[in-house]
Amino acid sequence: MAVGGRVLRDPARTTNEVVEEVLAKYYQPKNAAAVGGLKRVVQTAEESYFGAWSADRFQKGWGTPLPGEFKLDQRLFGTSPGPATHPKEPCLDTAGRKECRKGLKSILADLPYLERQCNDGVRLARIRRSVIITLNLLNTVCYCLGEPIE
């Protein structure tokens with residue numbers, strides 16, 4: 001959200017400039033290596049999930065074209081939200097779940113270094129918790145579908 005708003009406010013800036021500004025503001029990295037690591041975490045998280053999306057699967061599964069906006073499921077809100085279906089088709093197939101898990105594990109491996117190199121006010125700890133929960137959801141879906149959990 002912070003990146004999108006800044007890009008819309010000044011479209012002449014590059015996305016890379018805006019991402020670095022947002023990371024500097026909210027994570028306060030101590031050095032350039034930490035900035036690079038933070039950027040890799042963001043890129044890996046995005047690409048691991050959204051990179052596995054398929055226009056054909058969305059058309060077959062939901063009868064809609066590939067969403068351009070952030071979309072996980074229609075049942076995430078209300079007094080009793082539905083189950084987490086975003087690790088299943090049409091969002092992720094078997095190969096997509098495997099790649100997503102691989103990306104999330106690499107993020108977990110990078111976080112200890114980044115936590116020592118940033119004054120982030122526990123934001124990275126929240127990311128760690130979110131990654132662990134997402135891996136748990138992925139593993140649960142894979143288990144229920146009889147897919148290997150690596």
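The values are calculated or read from the model by the stated rules, or taken from the named source; none is laboratory data. Computed from a prediction, not measured in an experiment: that's the story for all the values here. We place every Cβ from the backbone using ideal geometry, glycine too, and count neighbours over all the protein chains shown.
Residues in region 1-24 that are within 20 Å of the chain's Cα centre (by Cα) and not in a helix (DSSP H, G or I): 1 only.
Filtered by the rule that a residue be of a type in the set (A, V, I, L, M, F, W, C), over 12 Å from residue 84 (Cβ atoms) and out of contact with any Cys (no Cβ under 8 Å at 6 or more places or on another chain), region 120-134 gives 122, 125, 127, 131, 132.
Does residue 109 satisfy being small (Gly, Ala, Ser), surrounded by fewer than 12 Cβ atoms within 10 Å (Cβ to Cβ) and under 16 Å from residue 50 (Cβ atoms)? Criteria not met by residue 109. For region 48-98, filtered to residues that are among the charged types (D, E, K, R) and under 26 Å from residue 4 (Cα atoms), the residue that is modelled with the highest pLDDT is 75.
When the residues of region 25-46 are filtered to those that are under 19 Å from the mean Cα position of the chain (by Cα) and charged (D, E, K, R), which remaining residue is nearest to residue 110 (Cα to Cα)? Can you show your working first?
Taking region 25-46 and keeping what is under 19 Å from the mean Cα position of the chain (by Cα), we get 26-27, 34-46.
Filter once more, keeping what is charged (D, E, K, R): 39-40, 46.
Numbers: 39: 11, 40: 9, 46: 15 Å.
Checked region 25-46; the qualifying residue nearest to residue 110 (Cα to Cα) is 40.
Can you name the residue in region 3-23 that is exposed (fewer than 13 other Cβ atoms within 10 Å of the Cβ) and aliphatic (A, V, I, L, M) and, of all such residues, is modelled with the lowest pLDDT? Taking the candidates together, the pick is 8. Does region 103-117 contain at least one residue that is under 24 Å from residue 58 (Cα atoms), touching a helix residue (DSSP H, G or I) at 6+ places or on another chain (Cβ under 9 Å) and assigned to a helix (DSSP H, G or I)? Checked against the condition, which is being under 24 Å from residue 58 (Cα atoms), touching a helix residue (DSSP H, G or I) at 6+ places or on another chain (Cβ under 9 Å) and assigned to a helix (DSSP H, G or I), region 103-117 yields at least one hit. When the residues of region 39-52 are narrowed to those that are crowded, with 17+ Cβ neighbours inside 10 Å and either among the polar types (S, T, N, Q) or free of Cβ contacts under 8 Å to residues at least 60 places away in the same chain (or both), which ends up farthest from residue 126 (Cα to Cα)? The residue in question is 52.
The residues in region 25-38 that are outside any helix (DSSP H, G or I) and crowded, with 19+ Cβ neighbours inside 10 Å can be counted, and the count is 1. Of the listed requirements (1) closer than 24 Å to residue 3 by Cβ; (2) in contact (Cβ under 8 Å) with a residue 40 or more places away in the chain, residue 108 misses just one: (2).
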